[in-house]
1. Give me the percent of the accessible area of the chain that comes from carbon and sulfur atoms, probe 1.4 Å, all protein chains in place.
2. Within region 49-109, report the GluC sites (Glu not before Pro) that DSSP leaves as loop and that have at most 13 other Cβ atoms within 10 Å.
3. Quick one: accessible surface of Phe137, probe radius 1.4 Å, all protein chains present, in square angstrom to the nearest 10.
4. Among the DSSP beta bridges whose two residues both lie in the chain, what percent are antiparallel, rounded to the nearest 5?
5. Would you check region 248-368 for Lys pairs whose C-alpha atoms are within less than 26 Å, ignoring same-chain pairs closer than 8 in sequence, and give me the count?
6. In region 309-336, which residues have a backbone nitrogen under 20 Å from the label point lying 7 Å from Val270's Cα in the Cα-to-Cβ direction?
7. Please compute the Kirkwood hydrodynamic radius of region 219-354 from all pairs of different C-alpha atoms, in Å with one decimal.
8. Between Leu59, Leu84, Leu42, which gets the highest mean-square fluctuation from a Gaussian network model of the chain, Cα cutoff 10 Å?
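The values are calculated or read from the model by the stated rules, or taken from the named source; none is laboratory data. Predicted model only: the values in this text are computed from it and were never measured. Cβ placement follows ideal geometry from the backbone for every residue including glycine, while neighbour counts extend to all protein chains displayed. With ligands, DNA and RNA removed, areas are computed over all heavy atoms of the protein, side chains included. Shrake-Rupley method; radii C 1.70, N 1.55, O 1.52, S 1.80 Å.
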Amino acid sequence: MRKVLVLAGSFFFLVFAGLFFINFYESSSESKDNNVKIGIILNGTVKDHSYSQSHYEGLKAAVKNLKNVSITYKENIESGANFLSCVENLVKSGCRIIIANSYNYAYDIELASSKYPYVYFFHASGLGNRANLTTFFGRMYQVRYLTGIVAGMQSDSGRIGYVAAFPIDEVIRGINAFTMGVRLVNPEAQVFVEWSGSWIEAGNNRRATQKLISEKEIDVLAIHTDSLVPLEEASEKDIWTIGYNYDNESMFTSTYLTGAVWNWTEFYKVKIPECIGGKLRGGHFWNGIEKRIVTLSPLTDNVKNKDEVQKILDREQKKMDVNNYDIFFGPIYDNAGNLRVPEGCCLTDESLLDDFNWYVQGVAVNAF
């Protein structure tokens with residue numbers, strides 16, 4: 001009896017999925033005669049030199065060679081009613097693919113994908129999925145590790161600052177990876193973390209940066225915010241900077257070393273055509289550096305011993321590219337001296353995504 005029920009359940013799931021793909025494909029096919037409209041909902045702007053601009057430009061590059069595809073963007077959209085109203089307007093305008101770029105949209109996009117079953121949704125930094133919803137992100141912590149190597153080699157004092165928005169799993173794994181990179185080449189270095197409590201608010205990010213500069217006497221600064229204010233503050237004090245989200249070398253020419261940047265084109269150029277062709281089934285993707293969704297921007301001429309640093313970076317990235325190596329491989333101790341990852345073991349994806357609430361040796365951080 002159990003086998004019959006399982007088979008019946010599987011049959012109805014396949015029927016449902018098949019109906020979704022048929023209807024979505026027919027809807028897309030009808031649009032292809034005129035225009036396939038893609039809407040992208042952003043928590044920032046298309047010219048913020050940060051997270052939202054990286055998404056918009058990545059999407060543009062991915063579809064530039066596709067015929068009859070247009071993009072509509074909505075900027076500075078908050079979660080909740082504003083998001084749902086934005087989705088409604090995009091659907092009414094003919095968008096059959098909608099992309100949302102912020103984790104804060106998680107609940108709303110579940111509602112929207114249920115309300116509009118024949119619209120396909122993509123959610124960057126989300127975790128759930130359904131037939132018409134794909135969530136995706138990149139293993140940015142791998143690039144953070146590489147930027148840590150650059151910071152560790154550049155620092156004369158061994159005192160490195162890190163402005164971060166919130167102590168969530170994504171941010172903590174980035175801090176830890178960065179610190180492991182720092183201490184690979186500068187074993188006694190310390191990474192001082194200051195919380196800004198905001199991704200974009202200028203005042204909070206300025207205060208956090210100024211505190212690191214005045215109290216910790218740092219000589220290199222890295223960030224995990226969408227605000228550029230920390231880089232501006234550090235540059236004014238002639239402190240070396242490492243960027244995030246977008247390569248901003250041109251804005252900070254005298255202090256910029258490199259950046260941990262997003263390359264969304266590599267994801268969109270595969271998944272958007274699949275979606276238009278009705279061949280994409282909802283799922284979750286967490287791609288690594290080997291897929292080039294996350295990349296290290298080129299080292300600038302501000303980097304000391306640039307050739308030597310590049311050789312170390314190439315060696316470490318090759319491990320991740322060729323050998324499927326992940327940096328959180330034991331033994332790893334936390335900043336209280338406790339063994340967290342035994343020798344020969346590696347943190348699971350589940351731990352990295354949902355259970356990373358501790359800091360590695362070398363991190364100095366206050367409670368949020």
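1. So the carbon and sulfur contribution to the accessible surface is 49 percent.
2. Glu78
3. It works out to around 20 Å².
4. Values: 8 of 53 bridges.
Counting DSSP beta bridges with both partners in the chain, the antiparallel share is about 15 percent.
5. Taking the Cα cut-off of 26 Å, the pair count is 17.
6. 317-327
7. Details: mean 1/r = 0.0562 Å⁻¹.
It is 17.8 Å.
8. Leu84
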